[in-house]
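The values are calculated or read from the model by the stated rules, or taken from the named source; none is laboratory data. Nothing here was measured: the structure is a model prediction, and the numbers come from that model. Note that each Cβ is placed from the backbone with ideal geometry, even for glycine, and that neighbours are counted across all protein chains shown.
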Amino acid sequence: MNFYKNIFKIVAILFFGTIYAQQEPNYSLYRYTMNVINPAYAGADGNTSLTLSFRSQWINVQDAPETKSFFYSQPIGNRIGVGLSVVNDQVFIENQTSFNIDFSYRLPVSETANLFLGLKAGGGTYSIDRDNLANLGFQSDPALNNIDTGFKPNFGAGAYLMHDDYFVSLSVPSILSSERIDESNGRVTQATEEAHVYLSGGYNFSLNENTEFRPSAMIRYVSGSPLSADITAAFRFYKRFEVGTAYRTDAAISGLMMINLADWMDIGYAYESSTRDEINNNSNGTHEILVRFNFKK
């Protein structure tokens with residue numbers, strides 16, 4: 001029992017030490033979960049799609065982060081797209097669920113490129129298991145009792161440039177600030193959740209008739225914290241199977257794959273390992289699973 005408590009404390013300290021830098025969930029398969037961060041992506045591919053995603057972080061560590069996501073999007077006519085996303089993010093003593101509706105509008109910029117502008121609106125619930133703080137070895141600040149755990153509104157915006165060969169995405173999915181917890185000198189206190197800015201892009205290089213090289217990157221910015229970036233290199237074969245690897249600058253590497261089982265169904269999997277010995281020596285990595293159903297016109 002003491003062994004598992006020690007593991008829990010080690011990872012909890014790492015978590016609280018980085019919570020201000022990473023307040024939103026990460027996705028290794030970010031090219032396929034763009035709905036979470038950019039409302040302009042709703043209906044951008046011209047298809048109606050339903051995506052389910054599950055990410056379990058730091059396997060074998062009690063109460064480690066888990067993210068469950070649901071995305072739905074569809075085009076309406078030639079210019080408008082709509083979407084719905086539901087994301088539950090459980091991180092140790094925190095549990096947050098967001099509900100958002102996306103709206104996008106397409107602006108043609110050339111025969112092969114379109115610019116999508118999007119708005120996101122909704123909100124979410126936030127709760128804290130204050131009783132579990134003692135298990136982490138942290139002292140609780142009385143200010144935690146004042147944190148609003150009711151429904152919190154949200155508003156976001158984004159732009160998405162889409163070409164047959166490349167994409168560029170810029171978004172701020174949550175503009176309104178809200179309260180959550182932070183750690184300072186061994187005491188858990190009240191803090192403000194900062195807005196995240198996401199910039200991403202990728203290019204599809206055709207190597208031959210059946211093979212594409214698909215590099216991409218995503219950069220995250222949070223006020224008062226260093227930039228975090230995912231850099232991904234993937235190869236796609238016969239437009240059915242994709243395999244790649246990625247590096248995250250805040251200490252993680254991953255392998256990923258996407259399989260197009262049929263025209264109407266894709267499945268994806270990613271395994272992520274931390275480059276921090278404190279985490280890597282006490283967990284079995286992070287698993288991410290994605291299932292997407294496509295309903296083409």
Inset, instruction - Pick out the one residue from Asp102, Asp89 that is closer than 28 Å to Phe295 by Cα, in contact with a strand residue (DSSP E or B) (Cβ under 9 Å, 6 or more places away or on another chain), at pLDDT 90 or above and among the charged types (D, E, K, R). - result: Asp102
Legend entry - Single residue of the range 31-47 satisfying the filter (modelled with pLDDT under 95 and of a type outside the set (A, V, I, L, M)) that is nearest to the chain's Cα centre (by Cα): Thr33
Inset, instruction - Within the range 155-182, work out how many residues are part of a loop (DSSP other than H, G, I, E, B), at pLDDT 90 or above and of a type outside the set (Asp, Glu). - result: 1
Legend entry - Per-region count, the range 27-58, residues in contact with a Phe, Trp or Tyr (Cβ under 7 Å, 6 or more places away or on another chain), polar (S, T, N, Q) and either more than 22 Å from Gln96 (Cβ to Cβ) or not in a strand (DSSP E or B) (or both): 6
Inset, instruction - Taking only the range 59-91 into account, find how many residues are touching a residue at least 24 places away in the same chain (Cβ under 8 Å), out of contact with any helix residue (DSSP H, G or I) (no Cβ under 6 Å at 6 or more places or on another chain) and not in a strand (DSSP E or B). - result: 7
Inset, instruction - Go through the residues of the range 195-202 one by one and say whether even a single one is of a type in the set (Ser, Thr, Tyr) and modelled with pLDDT of 95 or more. - result: yes
Legend entry - Residue match in the range 215-222 (condition: surrounded by 14 or more Cβ atoms within 10 Å (Cβ to Cβ), of a type outside the set (A, V, I, L, M), under 23 Å from Asn35 (Cβ atoms) and at pLDDT 95 or above): yes
